[in-house]
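A quick write-up on the structure given underneath.
The values are calculated or read from the model by the stated rules, or taken from the named source; none is laboratory data. The structure presented is a predicted model; accordingly, all values stated were derived computationally and were not measured. Positions of Cβ are backbone-derived with ideal geometry, glycine not excepted, and every protein chain shown enters the neighbour counts. Just so you know, the surface numbers come from the protein's heavy atoms only, side chains and all, with ligands and any DNA or RNA stripped out. Shrake-Rupley method; radii C 1.70, N 1.55, O 1.52, S 1.80 Å.
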Amino acid sequence: MLNIPRIVIAGTHSGVGKTTIATGLMAALTASGLKVQGFKVGPDYIDPSYHTRATGRPSRNLDTWLLGEQGVRELFQRSAQDADIAVIEGVMGMFDGFGGTSDLGSTAHVAKVFQAPVILIVNAKSMSRSIAAMIKGYCDLDPEVRVKGVILNRVASVRHREILREAVSKYNPVSLVGTLSADSVVPWPERHLGLIPMSEQGETGMIFQELGRVVARSLDLSLVRAIAGSAPDLSEVPREIFSSGARCTGEVQPGAKVKIAYAWDEAFSFYYRDSLDLLVHHGAELVKVSPLHDSGLPADISGLLIGGGFPELFLPELSSNQSFISSLQQHHQDGLPIYAECGGLMYLTEAIENFNQETYPMVGLIPGKCRMEKKLAALGYYQGIALQDNLLCAKDTPVKGHEFHYSKLEGLPREFPWAFGLNKGGEQPWRQEGFACGNLLAAYLHMHFAGLPELAVAFVQRCRDFAALHGKD
């Protein structure tokens, strides 16, 4: 059995301050001397970057749709077993998931999987006694979800705080963990895809220290720890993802390291940490490269990942770095295995047109260009199959992932080597997505290797084969 104190920070809906408060709480607990492990429910890259900066430990995603219940249990156990406390930030409203009756993929679902007590954040603006009814509804909807505390955000005044405190204490059995005024915390900067990732914000240590101090003054940290400590012990789960067992295909070769580069800078930073860890587990030695700042790819690499991010915001810099583009083109011509997702796919096309209809040439490995739209082009979970053999899997292999982007591919040739057929499940028609040709696979689809571990094995093996062919092993 594992004794891991843990809490879920949930919200009544999006925009109540979950990320700010959860990150501030992590910073405050870390400043108090605790080893804090941060988590984020769902397919998010940006919020975990805040957690990581606040705690000094890589934050992880707990996504029951991408990973399954057993998968999130294993990843939680692997990263939290040496922590003093685990803080899990929820997604959207606490019960928001797949449909009106299922809790799959929701914060509530994750709370139940881990038997974790919940602290609910409520936007108290323009509310008084009615807040008691709202909290009661969240407490009573699902008895398996243990709401143990509440944080009231955007409280207007001392008098407002007292009215709210009276209402909560009279009508609900939950503890009031604390309150924050409307101007006590400066909100994080946002743009079209949400918050701005930490990779673009430089040195922001003082911001997190101040946020931690505000939260420490506003919340009862002793009560937070007591609520987290009330979580029951967890049964240990077998290592299935981080093993060479039945869930993975192919032969793992311990000790046979292969050097794989991954793009990491202000334009590209969207990676699931557990996906990267899984590549390392199967023999990868990961090195960072920057399409923005580096003059080229290292000569000794045997594979390349280009994750998502915001290339559309750095088009002049990316386009003008011709030495890196030439190096990437040469490595591709030499047969280097290259896997790209979303922003990485955009970068590999012939050009990107930004929101102002300005077009910048890109790498040109994928025919066609990407054009930024004023509204979302795709959002949500998708599943499907590989339409042909590719870098990661054979034709007809099931795949699943998440998409969130404002750009569209256009100007494609008639014979385009589509990578995947995808839909959102049910009877919806499939759509063609991604590009698969030889040593290159690129798609808008963000996949989590921990949910598809055989793909991680396959990619490392392709890189290992390249290394052996080119005398790099």
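Summed over qualifying helices (DSSP H, 4 residues or more, each -39500 (n - 2.57)) and divided by its residue number, the chain shows a 222 nm mean residue ellipticity of -9500 deg cm²/dmol.
At a Förster radius of 45 Å, what calculated FRET efficiency corresponds to the Cβ-Cβ distance of K257 and S157, to the nearest 0.05? Working shown, then result.
Details: r = 60 Å, r/R0 = 1.34.
Plugging the Cβ-Cβ distance into 1/(1 + (r/R0)^6) gives 0.15.
Roughly how many debye, to the nearest 20, is the charge dipole of region 425-473 about its Cα centre, given +1 on each Lys and Arg Cβ, -1 on each Asp and Glu Cβ, and no other charges?
On the way: 4 positive and 5 negative charges, 34 e Å.
So the magnitude is around 160 debye.
Computed from the C-beta positions of L223 and A468, the FRET efficiency with R₀ = 56 Å rounds to 0.45. Annotation for E415 and Q428: the two label points, set 7 Å from Cα along the Cα-Cβ direction, are 3.2 nm apart. Straightening the chain between K408 and E144 buys 90.8 nm, computed as 0.36 nm per residue apart minus the Cα-Cα spacing. Mean silhouette area of region 1-110, derived from the convex hull of its C-alpha atoms and averaged over all directions, reads 6.6 nm². Principal semi-axes of the equivalent ellipsoid, √(5λ) from the alpha carbon gyration tensor of region 307-352, are 18, 14, 7 Å from largest down.
For S323 and T359, the FRET efficiency from 1/(1 + (r/R0)^6), where r spans their Cβ atoms and R0 equals 30 Å, is about 0.90. In region 343-436, the convex hull through the Cα atoms has an average projected area of 6.4 nm², a quarter of its surface area.
Placing unit charges on the Cβ atoms of the charged side chains and taking the dipole of region 404-473 about its Cα centre, the candidate lying farthest along the positive direction among H405, H448, Q461 is H405.
How much space per residue, in cubic angstrom, does the convex hull of the C-alpha atoms of region 386-473 take up? It would help to have the intermediate numbers written out before the result.
On the way: hull volume 11.4 nm³, N = 88.
Value for region 386-473: 130 Å³ per residue.
About the centre of its Cα atoms, the chain shows a dipole size close to 1440 debye [charges on the beta carbon of Lys, Arg (+1) and Asp, Glu (-1) only; nearest 20 debye]. The distance separating the Cα centre of region 56-83 from that of region 294-343 comes to 30 Å. The 3J(HN,Hα) values that the Karplus relation (6.51, -1.76, 1.60; θ = phi - 60°) gives for region 459-471 are, in residue order, 5, 4, 5, 4, 5, 5, 5, 5, 4, 5, 5, 9, x Hz. Gly and Pro appear as x. Label zone (A377, point 7 Å along Cα-to-C-beta; backbone nitrogen cut-off 20 Å) within region 335-360: 339-360.
For K374, a cut-off of 15 angstrom between C-alpha atoms picks up these aspartates and glutamates, skipping any fewer than 8 places away in its own chain: E312, E353, E358. Label positions at N3 and D334, each projected 7 Å from the Cα along the C-beta direction, are separated by 5.4 nm. For semi-axes √(5λ) of the Cα gyration tensor in Å, one of (i) 40, 24, 21; (ii) 31, 29, 21; (iii) 36, 31, 22 was computed from the structure I shared and the rest are decoys. Which label? Computed from the coordinates, semi-axes √(5λ) of the Cα gyration tensor in Å corresponds to (i). Grouping the Cα pair distances of region 358-404 into 10 Å bins from zero gives a pair-distance distribution of 19, 31, 41, 9 percent in increasing distance order. With 29 Å as the limit on Cα-Cα distance, the pairs of K35/K375; K18/K259; K35/K400; K125/K148; K259/K395 that go past it are K35/K375; K18/K259; K35/K400.
For region 26-132, the residue among Q115, L62, A132 whose Cα projects farthest onto the positive side of the dipole built from Cβ charges is A132. Legend: distances between Cα atoms for K288/K424; K112/K136; K40/K408; K40/K257; pairs beyond 22 Å are K288/K424; K40/K408; K40/K257.
Can you sort K18, K374, K35 by 1.4 Å-probe accessible area, starting with the largest? Could the numbers behind the result be given before it?
On the way: K18 15, K374 155, K35 100 Å².
Listed by decreasing accessible area, they come as K374, K35, K18.
Toward the positive end of the charge dipole of region 279-408, with +1 on the Cβ of Lys and Arg and -1 on the Cβ of Asp and Glu, the farthest Cα among L387, L365, G308 is that of L387.
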